[in-house]
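A quick write-up on the structure given underneath.
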Amino acid sequence: MIQFDNVTMVYGTGTKALQDVSLQIKDGEFAFLVGPSGSGKSTIIKLLTAELHPTKGKVKVNNYDLDRIKKKQIPYMRRTVGVIFQDFRLIRQKTVYENVAFAMRVVGASEKEIRKRVPYVLQLVGLDEKGKRFPDELSGGEQQRVAIARALVNNPSTIIADEPTGNLDPARSLEIMLLLEQINALGTTVLIVTHEADMVNRFHRRVIAIDEGKLVSDGMDGYYINEEE
């Protein structure tokens, strides 16, 4: 579960990024977090991964209280959260298999576990025949699938996707969104952070909208108008 209780975030510069935000995303939900540039979306991601701690209020992710989490607990909390980035962040010198396996090695998984889990996850994202390829040999959509596999490989209960289709054409974007829906159907909580109004409106899911650091709407089958476009 993700829970924000009256969260305010003020940076050292005095910028108030979030103002008294309260929301809850239950286990197994699929939700969009939307808002224009500078609205506070990136700050929410950083709070959810314990990169930042709130100035006021409480943040809870998968039974961890992030407003008072101890440093030594943060790696354990982060194992429960898989993050997918817009720019993929793949290691160019490693193959697809090695990129995904690396995420398991970082958390101390055994080679036996890696040999069992990585092929399964690559098959799940439709890349079971691309394990020996390098990122530069893949299309943008395939690279994003590797990033999704890497986020999934440690079996997190929550996936946070930060603009996962921002660098893709419409057809590839739809493929990635359908894949994230499939992952959600298997029981994983999915939060997609985006400003792409057309994609949000196509999927008829819960839409949480923020603007100027404030929660402005939250509802199922929400409709989003991106005034920047």
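The values are calculated or read from the model by the stated rules, or taken from the named source; none is laboratory data. Keep in mind it's a predicted model, so treat the numbers as computed, not measured. Cβ coordinates were reconstructed from backbone atoms using ideal geometry, including for glycine residues, and neighbour counts include every protein chain displayed. These accessible areas exclude ligands, DNA and RNA; they are computed on the full protein's heavy atoms, side chains included. Shrake-Rupley method; radii C 1.70, N 1.55, O 1.52, S 1.80 Å.
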Inset, instruction - Whole Å is fine, so just give me how far the alpha carbon centre of region 19-56 lies from that of region 107-153. - result: 27
Inset, instruction - State which entries of Lys26/Lys70; Lys16/Lys94; Lys26/Lys112; Lys41/Lys130 exceed 31 angstrom in Cα-Cα distance in the structure shown. - result: Lys16/Lys94; Lys26/Lys112; Lys41/Lys130
Inset, instruction - Mind grabbing the accessible area of Asp162 for me, 1.4 Å probe, Å², rounded to tens? - result: 40
Legend entry - Computed FRET value (nearest 0.05) for Tyr120 with Asp198, which takes r as the C-beta separation and R₀ as 25 Å: 0.15
Legend entry - Segments 23-30, 45-52 sorted - mean Cβ within 10 Å per residue, highest first: 45-52, 23-30
Legend entry - Spacing of the two label points (7 Å from each Cα toward its C-beta) at Glu181 and Asn167, in nm: 2.5
Legend entry - Inter-probe distance in nm under a simple model that places probes 7 Å from Cα toward Cβ, at Lys16 and Lys72: 3.8
Legend entry - Ranked order, Arg150, Arg133, Arg68 - accessible area, probe 1.4 Å, largest first: Arg68, Arg133, Arg150
Legend entry - Helical mean residue ellipticity (222 nm; -39500 (n - 2.57) per DSSP H run of 4+; nearest 500) of the chain: -10000 deg cm²/dmol
Legend entry - Stokes-Einstein diffusion coefficient of the chain, Kirkwood radius over Cα pairs, 10 °C, 1.306 mPa s, in µm²/s: 88
